[in-house]
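Only the coordinates and a few stated rules stand behind these numbers; no lab work does. Computed from a predicted structure; not experimentally measured. Backbone-built Cβ (ideal geometry, glycine too); neighbour counts: all protein chains shown.
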């Protein structure tokens, strides 16, 4: 859905619309202004483009699954598999669509055990709010509360600092303050201010090194950031490395998926399962030198016009590609398709040796 030529403002609006879509255009925070309501024409254009895009490429977003499951159960009276007990963790981070699905499963006979804390509701970006868990009794009726009031994670000083901040929240319902576990270390809470971003990065790296020299294992040191994780990771890793602190990126899977050879390999494996896989072919075309964006747009346009999937339209037009914008791109695409199909047809996943966990 990231079209070329969009500036940062456009991208931010699209991200907001994706989050609002996942919540079925509803927010648990009644004071929140939704982009869909402020810019209805933009919202309608986005939905139209997105529906066309997903139909042509044949995918479903992870964010869609809860509300589409709820729609299917509600609209078609689908019989869900019997669920005796549904355990829902981090309930305070659910949005309206998530809660609706749980309510529908409850109506199908499931008992619901919800675990959460309204004071930890920080997923406003996906339309969650503390009201979601606060209205649990009203929404689900005959239920019981089991209040957890002792922290096994933090000491007295840290809990005290957190409580001072939490209890300033407006409209927060009264409840017992969190207490610390007897015997737990008191902990240290320090509020440090830095003149600029560079000073903060250097200061945090110095703190990590000093604590390590004091004998604190790296496994017991955590740097928490509220947002811009990628930015802070990019800045902190060189600072820590320069102080002799070994680092490893926890985003190695995401980084691996960004490598062209990995993307090419995964696309080929998808084609072993289904030779018309649209996203796999789109990936290979975009990674292949000599194939223009205009050629990909041409295949997309034909698929949209004929109501085909991208992959089927590509293979149907192959090898002549009538009406292609450039002959060079058509020839390059034809060579790529012949090469890939030749490789894919020689692969038989059923003959691959697997380890004990099933990986081939």
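With all pairs of different alpha carbon atoms counted, what Kirkwood hydrodynamic radius in Å does segment 305-360 show? Walk me through the intermediate numbers first.
On the way: mean 1/r = 0.0726 Å⁻¹.
Result for segment 305-360 stands at 13.8 Å.
I need the peptides 306-319, 108-121 ranked by packing, meaning the mean over residues of other C-beta atoms within 10 angstrom, with the highest value on top. Spell out each step's value before the answer.
Values: 306-319: 18.0, 108-121: 15.9.
Those peptides, ordered most packed to least, come out 306-319, 108-121.
Per-residue packing, averaged as other Cβ atoms within 10 Å, sorts the ranges 29-35, 139-145 into the order 29-35, 139-145, beginning with the highest.
Taking every alpha-carbon pair within the chain, the share separated by more than 33 Å comes to 54 percent. Diagonalising the gyration tensor over the Cα atoms of segment 257-348 and scaling each eigenvalue by 5 before taking the square root yields semi-axes of 20, 14, 13 Å, largest first. Among 261, 18, 200, the largest mean-square fluctuation in a Gaussian network model of the chain, built with springs joining Cα atoms closer than 10 Å, belongs to 200. Against the longest principal axis of the chain, how steep is helix 197-213, in degrees 0 to 90 to the nearest 10, with axes from Cα atoms? Value to nearest ten degrees: 70.
What does the helix-only formula give at 222 nm for the chain: each DSSP H stretch with n ≥ 4 adding -39500 (n - 2.57), the total divided by the residues, and the result rounded to the nearest 500 deg cm²/dmol? Intermediate results must be reported in sequence, preceding the final value.
Numbers: 16 runs with 182 residues, N = 360.
-15500 deg cm²/dmol, from helical runs alone.
Averaging over all projection directions, the Cα-based convex hull of segment 1-148 occupies 10.6 nm² in the image plane.
Between 49, 224, 17, the GNM of the chain built on Cα springs shorter than 10 angstrom shows 224 fluctuating the most. For labels at residue 10 and residue 76 in the simple 7 Å Cα→Cβ model, what's the distance in nm? Going by the 7 Å Cα→Cβ label model, 3.6 nm.
By per-residue mean of other Cβ atoms within 10 Å, what is the highest-first order of 346-353, 246-253, 37-44, 20-27? List each step's numbers first, then the result.
Numbers: 346-353: 8.1, 246-253: 9.6, 37-44: 12.6, 20-27: 20.0.
Put in order of decreasing packing, that is 20-27, 37-44, 246-253, 346-353.
Computing Rg and the Kirkwood Rh from the Cα coordinates of segment 180-325 gives a ratio, Rg/Rh, of 1.25.
Summarising the label geometry, the points placed 7 Å from Cα in the beta-carbon direction at residue 63 and residue 194 lie 3.1 nm from one another. Extension gain, residue 87 to residue 226: 0.36 nm times the residue separation minus the Cα-Cα distance gives 47.3 nm. Placing a pseudo-label 7 Å from each Cα along the Cα-to-Cβ vector at residue 279 and residue 103 gives an inter-label distance of 3.1 nm. Sort out for me the Cα centre separation of segment 243-322 from segment 50-82, rounded to whole Å. So the two Cα centres are separated by 24 Å.
Segment 16-93 has equivalent-ellipsoid semi-axes of 26, 19, 11 Å, by the square roots of 5 times the alpha carbon gyration tensor eigenvalues, sorted largest first.
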